[in-house]
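Comments concern the structure below.
The values are calculated or read from the model by the stated rules, or taken from the named source; none is laboratory data. Note that this is a predicted model, so its numbers are computed, not measured. For neighbour counting, all protein chains shown are included, and Cβ atoms are generated from backbone atoms with ideal geometry for every residue, glycine included. Surface areas here come from the heavy atoms of the whole protein model, side chains and all, with no ligands, DNA or RNA. Shrake-Rupley method; radii C 1.70, N 1.55, O 1.52, S 1.80 Å.
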Amino acid sequence: MERFNLIAIEDLPAGEPIEQALTERSKRSWNPRNYEPDGEDIPVILSSPAIPPSPAMYVECGGSGTSTPSSRYNIQISVHGSRSPSPSHKRVRRSLCPDQEHDTTNRDSISSLRRPLRDSEICYLLHYGSDDDDSDDESQNDNDEIVPMIIPRAAGILMDTPDDEEIEIDTAAATKPLVTSSAPSIISAPTSPARDTGMKPSHFFEFDWGTFPDSPIPPTERRESFKEHSGPTVAVSDPYEIFRLIWDQEFMEFIVQETNRYAQQLAAEMLDGGELQASSRITEWKETNVDELLVFFGILLAMGIVIKNRVEEYWNTEQNIFSTPGFKVYMSLRRFQLLSRCLHFNNSENLRNLNLDPSQAKLFKVEPVISHLNSKFTELYIMKQNIALDESLLQWKGWLNINQFIPNKAAAVGIKTYEICESQTGYLWRFKIHAHKASPTVSEADPFTASTPALVLNLIKGLEHKGYTLWMDNFYNSPALARKLKSIGFDCVGTLRTNRKYVPTELTNLKKSQMKPGQVVGYTSGDVDCIIWRDQNRVATISTYHGNAVSTKNGVTKLILIRDYNICMGGVDKKDQMLAAFPIERKRTQIWYKKLFKRLLNVSVLNAYIIHKQTATEVLDHRGFRKNLVESLLRRHSIKMQPYVFSARVQDTIFEVSRHHPAEYPRLTSLNSTNRHRHPCKVCGKRTVTYCVGCDKPVCVFTCFVKLHN
């Protein structure tokens, strides 16, 4: 049987995590009222016992109606259970624990106190272990009911998964651990170059795996120095101005041109097919312009703030609690539906003339938006050192051959995008839509042309030799890719599948059953470290600078690699979480690329908000930023578009006013009669001689005419 060099995690050298979370996790606490018998202070000695207290402490002692004696306070219990104070002692609460020798130095149990327990002490004992959020080894009853829930990626790496999709993040250490020095929470770019440690192999695929050295290099020296000044590249803080930097005038004019062209193509197609009716909305089409389209965008963003189930409900003007009359002021419902139908981004006639591969053909209609936003996102912002590569899923339940099924995502099924996000803020820097599974075209001269390594290298293009640290999960990571990234100035950290090529065979053959909880084993090739840690599951990790040092926090010992991974891997998840509060893409549509466009519009607003937070002196919250943006779009562009777009509506209104006016019924046909025909009023029911010409309904002129037409 193959032997492995397993080490207990407590035996590894201590180190300090390099990354620091924006907000520290805190335990929830409940502070009961303090009980002071007759104003006399009782000293409280609380500790964090390593051994849970015995349940016998909570069982009432004896059965004779007397309590456990106490040397300082004593009470008497009557046979009927009522308490009566001792004549020579003050009345106090009954002690829950038996009398023991009072030892203030005993840190193993609170029961060493020779006095009644305080409320805070009782609560601590009753809730022992329930608030320990950092514990990795909490046991669970197998008979407990399993409640389905969405697991964050940082927590999912420590959970059991099926064998065919094993998340092998859990590896740790090696025989000779890498000792790290204490590092600051924010690493500045070191000026001195790292010393030569054999981390420049002659070939990407020649790995000489061994145990960690006796005199290792600290992670801060192995890590690439960061050479960028991060933050926005523009000094603009107004929400509208930042939004217009992304959706500039030139690109908006392009969308207007394609939308007007598609409306004409759609009308011609319906006419040729015999589908064009007099009541079709397309017969009301008038060419749009940039101002109207920006108002349309503003209404879409407002729908993410005011959430309703149906689009028609936003134009509800009834006098009830569900009324939202503001939408009708800026655009009619029919015009909004018509713009939604004709919104277009590329000339469909060019699809036949271009020689496109399947991936490009599937994304042809939305490709201009993808290219434009990728260019703007990378141009307007420089990311900090830690960046995360992960997938995001836009829910789409309709038939679509590019749909992906990812059960651990909230959407589960839909359109998948690969995204590079800043770990700290969630800023989306570059993305790629998954359109098809490319056929293998791996070159023997360059194995990194395979689909997954090529995807990673394309997404980080332009960031080479700047010292970025790329955090990825086990879908992307491999020793060969980690070495490739190191050679172009990146660090690479994340989880690892041990069935990848060039992973040490000792780690590939190591089973979960061969390790005990808390044991670690790992190997290094000088520039790449592979470690397996046995927690509740077998967790395999890879890093180019961490080593195998550990840190202890709140009594829980973990690899510093795991602690840093939990902090830095959630960039894409943070972005999705912030977008979920304003779901403008949730409205029903039968055209998948228009829903994708709404998601990209939503992301552009989030990126604009992140830029605003770092440039503004008075920072708005996320909701306030969106409200300010919507109000600016409607205020600045609705006035310009009103004479152009609403001219037909204004003419109809004038015509309606001139057509509806009161008149009198004719006189009776009898000779010299002054009486006129009378009919019941449609509002009050009284008989009247006046009626509305436009409605042809009897109505009282002064009391009911206005009510009828309102």
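Heavy-atom accessible area with a 1.4 Å probe sorts Trp247, Trp209, Trp399, largest first, into Trp399, Trp209, Trp247. Label-to-label distance for Asn316 and Lys328 is 1.3 nm, based on points extended 7 Å past Cα in the beta-carbon direction. Between Thr688 and His679, Cys681, the built amide H atoms are under 5 Å apart, and every one of these is 5 or more places off in sequence or on another chain. Once all protein chains are placed together, Trp315 keeps about 30 Å² accessible to a 1.4 angstrom probe. Going by the alpha-carbon gyration tensor, a ≥ b ≥ c the square roots of its eigenvalues, is region 441-590 rounded (a/c under 1.5) or, if a/c is not under 1.5, prolate (a/b greater than b/c) versus oblate? In terms of gyration-tensor shape, oblate. Counting only protein chain heavy atoms and rolling a 1.4 Å probe, the accessible areas of Phe204, Phe625 rank, largest first, as Phe204, Phe625.
Considering only Thr324, Leu301, Ser280, the residue lying farthest towards the positive end of the dipole of region 266-332 is Thr324, judged by Cα position with unit charges set on Cβ.
Counting only protein heavy atoms and using a 1.4 Å probe, the accessible area of Glu631 comes to about 110 Å². A 1.4 Å probe over all protein chains sorts Ser225, Ser371 by accessible area into Ser371, Ser225, starting with the largest. Shape analysis of region 233-373 based on the Cα gyration tensor places the equivalent ellipsoid semi-axes at 28, 25, 13 Å, largest first.
Quick one: net charge of Ser237's neighbours, Cβ under 11 Å, K/R +1, D/E -1? The answer is -2.
Amide H to amide H distances under 5 Å link Thr233 with Tyr381, Ile382, where only residues 5 or more positions off or on other chains count and H is placed in the peptide plane.
A probe of 1.4 angstrom, applied to the heavy atoms of all protein chains, finds Met270 with accessible area near 40 square angstrom. Summarised as an ellipsoid, region 286-326 has semi-axes of 23, 12, 8 Å, derived from the eigenvalues of the Cα gyration tensor scaled by 5 and square-rooted, with the largest first. Computed over region 376-489, relative contact order equals 26 percent, with contacts defined as Cα pairs under 8 Å that lie 6+ residues apart. If the cut-off is a Cα-Cα distance under 27 Å, which lysines reach Lys362, setting aside same-chain residues fewer than 8 apart in sequence? The reachable lysines, counting only those whose Cα sits under 27 Å from Lys362, are Lys376, Lys397, Lys409, Lys416, Lys432, Lys437, Lys461, Lys575, Lys587, Lys594, Lys595, Lys598.
Taking label points 7 Å from Cα along the Cα-to-Cβ direction, Gln590 and Ala410 give a separation of 2.9 nm. Distance between the modelled labels on Lys512 and Thr615, one decimal in nanometres: 4.9 nm (7 Å Cα→Cβ projection).
Just check region 486-573 against the gyration tensor rule for me: Cα atoms, a ≥ b ≥ c as the square roots of the eigenvalues, rounded for a/c under 1.5, and otherwise prolate or oblate depending on whether a/b exceeds b/c. Oblate. Here the extension length gained between Lys308 and Phe702 equals 137.9 nm, from 0.36 nm per residue of separation less the Cα-Cα distance.
The H on the amide N of Arg430, modeled in the peptide plane, is under 5 Å from the matching H of Ile420, each at least 5 residues off or on a different chain. Principal semi-axes of the equivalent ellipsoid, √(5λ) from the alpha carbon gyration tensor of region 551-600, are 39, 10, 7 Å from largest down.
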